[in-house]
Amino acid sequence: MSRNGLLIDYHYCTGCLSCDFACNQEFGFPLGQSGMKVAQHGPWLIGEDKWEYLFVPAVTELCTLCSKRVKSGKLPTCVQHCQAAVITYGPLEELAKRMVGKTKHVLFSR
Amino acid sequence: MEYEDAFEEELPWIYEKKPWRWEEDGLTVTRGSSFTGPGCHNGCGVLLYTDKDNKLVKVEGDPLNNYNEGRLCIRCLALKDVVNHPDRLHYPLKRAGARGENKWERISWDEAVETIAAKFNKIKAEHGAEAVVFAQGTGRDIAPYIMRLAFSFGSPNYVCYGLAGNACMIPRLSVQMATLACITMPDYSQYFPDRYDDEEYSVPECVVIWGTNPLASNSDGNFGHWTVDAMKRGSRLVVIDPRLTWLAAKADLWLQVRPGTDAALALGMINIIIQENLFDREFVELWSYGFDALAERAAEYPVEKVSAITWVPQEKIVQAARLYAQSKPAMIHWGLAVDMTKESVPITHGINALMTITGNLDVPGGNVITELPCGVAGYYGWGFDLINREQFEKRIGMGKYPMIRYGIPLASPDEMVEAILTDKPYPIRAMWIQANNPIACMGADPKRTYESLSKLEFVVVVDLFHTPTTVAFADIVLPAAAFPERNGIRAVFYYAQSMNQVTQIGETKGDAEICRLVGKALNPDAWPFESEEEIWDSLAQGSGLTFKELQEHGQMIHPNIYRKYAEGRLRMEDDQPGFNTPTGRVEMYSTRMEEFGLDPLPYYEEPPTGPVSTPELMGEYPLILTTGGREQAFFHSEHRQVASLRATHPLPEVQIHPETAKGHGIEAGDWVWIENPLGRCRQKASVTNVVPPWLVHADHGWWFPEEEAAEPHLFGVFTSNVNQLIPYNCGRSGFGNSYKSAVCRVYKVKEGEM
């Protein structure tokens, strides 16, 4: 059986933390813990009028890919609540194919 | 450009066939809309999960609501922690000690209402109804009810107390009403159930973000991340902001404008667009008025001059003007900063002229003209017919400010402070404060605001929590319901939907219900509603549905049509094509403003303090101070009690450029004083290149619910309140105040000063 994962288009991640909070709420984790945490990099001036200002989510050990939600027909809570709509859930092989030719994407397996 | 959004994945939505309320895994799920408090000006579709004891245990976005499409920000994801917070006000309270002692006695709703009615009526008999002021803060779901309460009592003094120059959206609304006779909003496809994919919709080729950070502020009723949706679909971005927001970093063009100079920028762009013949000649000729006069005025703003005023390089101004004018369609998404200059009216006027000359008004992907959403009244005023002309003429500020006189029926907050302190033109004795925390939040010169409120003989405050305002002034405190504790209707510009009560906290009541109870005691004829639901039925009438039917119906999207001016949808009296202005056209030369004694054309005036207006101050106060940028975690002064939200931004921060910080011996995390001749406050230094070396940005709305409530500390309300550096000083129209263009110096807090 193929395993599922999360593909993130982090070029458009705005660091809004909805993934972190939605996951924390879904599982009732202690304050500050979550299946997804977002790191900030920059802003750095990296060329004339060119800035790097990045937010990159990472999947932690607490992530279950919301197996119970998915079974009932819902999306993982981070995927649904992501305000920038940058998280895609699906089989790893398919997500890996979708990544090809794209920049600033990251694929997480669980 | 095609963009595959995550939610477009085909998943069997289990929500699809559900009614508005259903059972799921031992919990009850209720679908509805949302509207602060707590929260913001959005109206996101939410699913509220309650347990068998009707306790709110989880909140999710509603994937079926086209407004947010299942998405939700952290404030609603943490909503249960606000609703169930142990510090919530549960019962009506009356003051048991002296004002400021924070001693209270629980009373019944009946006693509270009787006490308030008796006191208000006594003051009315002695001084006239105008001696009682009805004050709201920002537009929580409150405006229609508090306005009806004020006017049915006979007081013309309905006011956003503390908000100097009414400097938040009201300038934009008023200028649009004067020049277009309607309100526009950026068109991110929110009128279409299938959003961006709808054939009638066009994704804007260019989005101009002007004076807003929508990702955090979600201002004006627009879901902030719609801008990201547009970027993904190929919109090019121009960001006009003195700070490097995330959007500015990703923009095709970032114009790092000097705060308060936006009118010069708008005029400069108009000039370039006209000079280079990039304007929409057909639209201008058919639908606008005053083009030649505008062109002549704009010619006074050549790009060299505009660059010198705004500190934006010439080539960027030219590029921005060209990109906006040559993109079809193009949208301007403006925000609060446009209102937060003393002379804010000409900024809005100028930006409106940009939308007009480029033909982007009411076209798909441009700036769409809004209507009453699905016929649901309310947000636009309710009860105006209940006050007689003689009383209305007594409205504070009416004599001094033309746009207060002829514009919206609000009193002037600036003049109200003065009136309370001086008893002129007549004494003010009491205030009803609902959804407003003026000394902690947007109130300018908070110590003067404090002094004014202390002078009143009777004050009622309605809120979710005790605040510095309840403790310092209230004689009676009434506990307001958060939106999951009440029914209601959210009629954001684009849709209407019910808000549904799912839980009860103590004896809290909704803001409308509180107004109904007090209104009925003061003037029963004006409040014939036997229940809160009758209010909703009354407001929903235009939709053809009762409240219960609307509840069953779910989200009702307004059937928008574009180019309403061509369809005869804007002129109510004759149904002719055109705009509902005196000339029937969009008035870039405003006949109404001329009538008000104001300049009929956009113009630029320097902010009252700064390197040009007050060079003598710049030696001692060399930095430009801008305030009020939003954080995801907070809506104004709300949410400081909620641990998860507070953890994302634990303390008030002032952003200082690394060079400036180094020059002052300031390191990241140091407490620093921010000071100017008016006052000072202290915040933690965030050393960051988000601001240029000549600018600092300070948080607003800070108080510390975890600290001592009683006087003199008042939850530390004067510790970090940056408005201590901002005076009441509004523009000649009566609108606008320079919250975002003061001057200051910063220096380290010494040991022992904390």
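Based on the Cα gyration tensor of the range B:649-716, what are the three equivalent ellipsoid semi-axes, each the root of five times an eigenvalue, rounded to whole Å and given largest first?
Result for the range B:649-716: semi-axes of 25, 13, 10 Å.
Compute the distribution of all C-alpha to C-alpha distances in the range B:595-754, in bins of 10 Å from 0, and list the percent of pairs in each, rounded to whole numbers.
The distribution over the range B:595-754 is 10, 36, 33, 16, 5, 0, given as percents.
With +1 on the Cβ of every Lys and Arg and -1 on the Cβ of every Asp and Glu, and nothing else charged, how large is the dipole of the protein assembly as shown about its Cα centre, in debye rounded to the nearest 20?
Here the protein assembly as shown has a charge dipole of around 1260 debye.
When the Cα centres of the range B:391-439 and the range B:225-283 are compared, how far apart do they sit, in Å?
36
When the Karplus curve 6.51 cos²θ - 1.76 cosθ + 1.60 is applied with θ = phi - 60°, which whole-Hz ³J(HN,Hα) does each residue of the range B:633-642 get, with x for Gly and Pro?
6, 10, 9, 6, 8, 7, 6, 5, 7, 8
Using the charge dipole of the protein assembly as shown (Lys, Arg: +1 at Cβ; Asp, Glu: -1 at Cβ; taken about the Cα centre), state which of B:Pro582, B:Gly359, B:Gly211 has its Cα farthest towards the positive end.
B:Gly211
Among A:His81, A:His11, A:His41, which one shows the biggest mean-square fluctuation in a GNM of chain A, springs joining Cα atoms closer than 10 Å?
A:His41
Would you please report the Å³ per residue occupied by the convex hull of the alpha carbon atoms in the range A:12-93?
111
Using just the alpha carbons, could you tell me how many Å³ per residue the convex hull of the range B:179-298 encloses?
Per residue, the Cα convex hull of the range B:179-298 comes to 146 Å³.
Sort largest first and round to whole Å: the equivalent ellipsoid semi-axes of the range B:58-166, each the square root of five times a Cα gyration tensor eigenvalue.
After scaling each eigenvalue by five and taking roots: 34, 22, 13 Å.
According to the Cα gyration tensor, what semi-axes, each the square root of 5 times an eigenvalue, does the equivalent ellipsoid of the range B:133-188 have, listed from largest to smallest in whole Å?
24, 13, 12
Take every Cα-Cα distance within the protein assembly as shown, group them into 10 Å bins from 0 onward, and report for each bin the whole-number percent of pairs it holds.
Spelled out bin by bin, the protein assembly as shown gives 2, 13, 23, 27, 22, 11, 2, 0, 0 percent.
Step through the residues of the range B:563-576 one at a time and calculate ³J(HN,Hα) from phi using the Karplus curve (6.51 cos²θ - 1.76 cosθ + 1.60, θ = phi - 60°), rounding each to whole Hz and writing x for Gly and Pro.
Ordered by residue, 3J(HN,Hα) equals 6, 4, 4, 7, 9, x, 8, 9, 9, 5, 7, 10, 6, 7 Hz.
Let's test the formula: R0 of 35 Å, r as the Cβ-Cβ distance of B:Glu114 and B:Glu533. What FRET efficiency results, to the nearest 0.05?
The pair B:Glu114/B:Glu533 has a calculated efficiency of 0.90.
Could you tell me what % of all Cα pairs in the range B:310-419 have separations over 20 Å?
Every Cα pair in the range B:310-419 considered, those over 20 Å come to 62 percent.
Along each of the three principal axes of the Cα atoms of chain B, give the extent in whole Å, ordering the values from largest to smallest.
69, 63, 55
Using only Cα atoms, find the angle between the long axis of helix A:18-27 and the longest principal axis of chain A, and express it within 0 to 90 degrees, rounded to the nearest 10.
Rounded to the nearest ten degrees, it is 20.
Using only C-alpha positions, report the orientation-averaged shadow area of the convex hull of the range B:213-369, nm², one decimal.
Over all viewing directions, the range B:213-369 projects a mean Cα-hull area of 8.7 nm².
Tell me what the protein assembly as shown gives for mean residue ellipticity at 222 nm when only DSSP H runs of n ≥ 4 count, each as -39,500 (n - 2.57), the sum divided by the residue total, rounded to 500 deg cm²/dmol.
Computed mean residue ellipticity for the protein assembly as shown: -7500 deg cm²/dmol.
Just the projected area, averaged over all directions, of the convex hull on the alpha carbon atoms of the range B:389-472: how many nm²?
If I average the Cα hull's projected area over directions, I get 5.9 nm².
Whose amide H sits under 5 Å from the amide H of B:Leu255, counting only residues 5 or more places off or on another chain, with H placed in the peptide plane?
B:Val239, B:Ile240, B:Asp241
Based on the alpha-carbon set only, what is the convex hull volume of the range B:422-570 divided per residue, in Å³?
195
Evaluate the Debye formula for the range B:707-754 with equal point scatterers sitting on the alpha carbons, no solvent, and hand back log10 of I(q)/I(0) at q = 0.13, 0.17, 0.33 Å⁻¹, in q order, two decimals.
Relative scattering, expressed as log10 I(q)/I(0), comes to -0.51, -0.74, -1.19.
Are there DSSP H segments in chain B that both extend 20 Å or more along their axis (alpha-carbon positions) and score a mean Kyte-Doolittle hydropathy of at least -1.0? List them, or say none.
B:109-127
Over the range B:484-596, one equal point on each Cα, no solvent: what is log10 I(q)/I(0) by the Debye formula at q = 0.09, 0.13, 0.14 Å⁻¹?
Here the Debye-derived log intensity ratios amount to -0.43, -0.75, -0.80.
Taken together, the values in this text are just the output of simple stated rules run on the coordinates, not laboratory data. Everything quoted here is computed from the prediction, not taken from an experiment. Using ideal geometry, Cβ is built from the backbone for each residue, glycine included, and neighbour counts are taken over all protein chains shown.
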